Amino acid sequence: MSRTGLILCLGTTPAAQRVMIFRRLTLDAVNRAVTTLDGAAGKSVNVAKVLRVLGERPLAAGFLGGDRGDYLREVLDRRGIETDFVRVEARTRQCVTVIDESSSTVTELVEESRPVAPEAFAELLARVERRLPACRAVVMSGTITPGGPVDLYRRVAEWARSRGLLAVVDAQGVPLIESLPAGPDLVKPNRTELAATVGRELPDEASVVEAIRELAARGARRVVVTAGAAATLAFDGSRCWRIVPPTAKAVNPIGSGDAFTAGVTARLLAGDDLGEACRWGVAAGTANALTAMAGEVELDEVKRLAAEATVEEVS
């Protein structure tokens, strides 16, 4: 599935990731991990890692700072992922995933990102603009660092669309809403994020479809809403699909939405319609859930799971 041209993976909040696995976790007590894994993560970094496995050429861009930033860059270099990060004073955050094997629970401890200077955003935008001629798609993922420009994704989506590049936004709330007038080719919130974006509860599939159509009416060319192990709903402006992922016992679902984004982006670039692209999205997302570290899927597993996913067009 090797392609020419870069896929720019933009995100301002990467993270050094630690996964700690316990036979049994007891609160308010000393717990000893049986396995500890360290790696690079954050939504855009997870997307880049999965795209690399799928045979694409990802370019990870955003902010890195301190020793954790150095470590994250080294991890991506070892994985053969090109990078173009702006160096900032704020130390790159660390997130910790705690897996309790006795209860099959996964707890994510998230360190919030710190603000960066306005000139760092100006530099990041300048680097993105310079890189776009070599790209075939831009994937914008996650929250904006505190105090950052909420229209960041809109500006980048406008540049991408003006150059005929695929523009994908995986965000929620104000950054997602702000991006819609740019007409992004795909927006991909999960159900919780979609509810937060439209400002109301979405108790059933009909309410989700209504919210999807609302985003489409505001400018999104395609809308995909994931729901963990439940069915994904996808709308391309005229046709709607329900995609049911294969059954699997999750090890760690953190990052599965990012893996989905990578899978669907790769297949849209390959020429699939949205329903078929989402088949590969749910396969990548499910494959991610079978691994302990986010974004470290295996290609053979993605292919196997794609054959097991169900795609049906719905009215």
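Key figures
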read-out: Residue count, segment 148-188 (criterion: at pLDDT 95 or above, of a type outside the set (A, V, I, L, M, F, W, C) and not in a helix (DSSP H, G or I)); value: 10
read-out: Some residue of segment 287-301 being at negative phi, surrounded by fewer than 24 Cβ atoms within 10 Å (Cβ to Cβ) and free of Cβ contacts under 8 Å to residues at least 24 places away in the same chain; value: yes
read-out: Given (1) hydrophobic (A, V, I, L, M, F, W, C); (2) in contact (Cβ under 8 Å) with a residue 60 or more places away in the chain; (3) touching a Cys at 6+ places or on another chain (Cβ under 8 Å), number of the condition residue 109 does not satisfy; value: (2)
read-out: Candidate set: segment 7-33, residues that are touching a residue at least 60 places away in the same chain (Cβ under 8 Å) and surrounded by fewer than 22 Cβ atoms within 10 Å (Cβ to Cβ); chosen: the one nearest to the chain's Cα centre (by Cα); value: 18
read-out: Cross-chain or 6+ apart pairs with Cβ under 9 Å, segment 135-163 first and touching a residue at least 40 places away in the same chain (Cβ under 8 Å) and farther than 15 Å from residue 174 by Cα, then of a type in the set (S, T, N, Q) and assigned to a loop (DSSP other than H, G, I, E, B); value: 136/4
read-out: Residue pairs meeting the criteria (Cβ under 7 Å; at least 6 apart or on separate chains; first charged (D, E, K, R), in segment 80-91; second assigned to a loop (DSSP other than H, G, I, E, B)); value: 87/65; 89/65; 91/65
read-out: Odd one out for residue 163 among (1) surrounded by fewer than 18 Cβ atoms within 10 Å (Cβ to Cβ); (2) over 30 Å from residue 131 (Cβ atoms); value: (2)
read-out: Selected residue (only one of 139, 110, 75, 156 is buried (at least 21 other Cβ atoms within 10 Å of the Cβ) and within 22 Å of residue 289 (Cα to Cα)); value: 139
read-out: Members of segment 281-314 that are in contact with a strand residue (DSSP E or B) (Cβ under 8 Å, 6 or more places away or on another chain) and not aliphatic (A, V, I, L, M); value: 281, 285, 295, 296, 310, 312, 313
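For every residue, the table says whether it meets (1) more than 14 Å from the chain's Cα centre (by Cα); (2) modelled with pLDDT of 95 or more; (3) farther than 26 Å from residue 118 by Cα; (4) not aliphatic (A, V, I, L, M).
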{"site": "49", "(1), (2), (3), (4)": "no, yes, yes, yes"}
{"site": "53", "(1), (2), (3), (4)": "yes, yes, yes, no"}
{"site": "65", "(1), (2), (3), (4)": "yes, yes, no, yes"}
{"site": "70", "(1), (2), (3), (4)": "yes, yes, no, yes"}
{"site": "73", "(1), (2), (3), (4)": "yes, yes, no, yes"}
{"site": "80", "(1), (2), (3), (4)": "yes, yes, yes, yes"}
{"site": "89", "(1), (2), (3), (4)": "yes, yes, no, yes"}
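The values are calculated or read from the model by the stated rules, or taken from the named source; none is laboratory data. Everything numeric here is computed off the predicted structure, so don't read it as measured data. When we count neighbours, we look across all protein chains shown, and the Cβ atoms used for this are built from the backbone with ideal geometry, even at glycine.
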